[in-house]
1. Determine, for each peptide in 36-47, 214-225, 107-118, 182-193, the mean count of other beta carbons within 10 angstrom over its residues, then list the peptides with the highest first.
2. Out of the GluC sites (Glu not before Pro) in the stretch 47-143, which ones are loop residues according to DSSP with at most 14 other C-beta atoms within 10 Å?
3. Can you sort Glu103, Glu281 by solvent-accessible area, 1.4 Å probe, largest first?
Amino acid sequence: MQRVAEGGARSRASFPRAEVIESCSPDMLLPPFLCLSLVDTAWQLSLSIGRPSSADAAALLGPPLAMFTPGGGRPQPPAWLGREWAGSGSRLSFPLTIEFFDEPLRQPMSDEPLRRTQARRLFTRSERLGTKASGVAWGMLQLSSIEALVVWCIDLPDGVCSSAEGAPTTSDAGLPAGTRLYCSTQAWRSAELQRLMPLAERLRRERAGESDRGKRSAIDSRLAKLERALPKPGQATLEAPALGAVTLSAAGQLSVQRAVSGKIFNPFENAGRLPFGSIPEFGVVGSFLLAAPGDQAAQLTSVDQEAGDVEVVVG
């Protein structure tokens, strides 16, 4: 299956097209132990809200939720918040604790992409956040035989203010009331990573020592295919404490979405029939670092800020 292209610069065609993702298995078809690996753990999140920048480099190594828009797309800030949103380069940061539950929701989700999964209950807790945060749901979407995308959403009924008390600051990176925040990060089968990563390293050594142009090209082809399924070089990961079956990317993307209505043909909802339907539009509003209890990987200080960026810690 076509996955995210290698390299830092990405064209619009670099990301998976949503019509391909449509054929992927929802988490109800994933082995149950993969989902169970995430439950019974109080995960620590460090959220950093602001216009995508070098501060989000690690998170942007993963696929954006924009791939669930027809034709795919690149991770861009939400146009509907205006050009002024977070234009100063400032960021808002705050901690959040989440817990994934195995209990399915009573009603299926209609939101993209959680409507494609067996959505489960999500709990959030933040004693230091100055605004309300309510967990909505989470799910896993299979991207390949060894990789999945973990997605969860959080409602912010009062939005995110510029400080814990709602007092104005120099930050212009706040989110409006009624925002639903979507968090996404990659997950891999740990056993498959342990099997494939040594193979990738062996192929790199073979390529370095191969002088025959044809053989080197064949090795390059095998290695490129293998590397598309593995964490990118320098991408921090952590093991899920339960069962030891899942390896997670320690950095993920924060996104918001809106439905674009009108005379736009949605191939997912209107295949071969009318009427025309609305399609989701996603915008990236920052990144997060993920850690299990006792893990220091999600400290805000570990996120490199661009020169001139201003970070406001909420709480």
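1. Details: 36-47: 19.6, 214-225: 12.8, 107-118: 17.8, 182-193: 21.2.
Top of the packing list down: 182-193, 36-47, 107-118, 214-225.
2. Numbers: sites: Glu84, Glu99, Glu127; in loops: Glu84, Glu127.
Answer in residue order: Glu84, Glu127.
3. Numbers: Glu103 95, Glu281 55 Å².
These residues rank, largest area first, as Glu103, Glu281.
The values are calculated or read from the model by the stated rules, or taken from the named source; none is laboratory data. As the structure is a computational prediction, the values presented were derived from the model and not from experiment. Positions of Cβ are generated from backbone atoms using ideal geometry, with glycine treated the same way; all protein chains shown enter the neighbour counts. Only protein heavy atoms, including side chains, enter the accessible area calculation; ligands, DNA and RNA are left aside. Shrake-Rupley method; radii C 1.70, N 1.55, O 1.52, S 1.80 Å.
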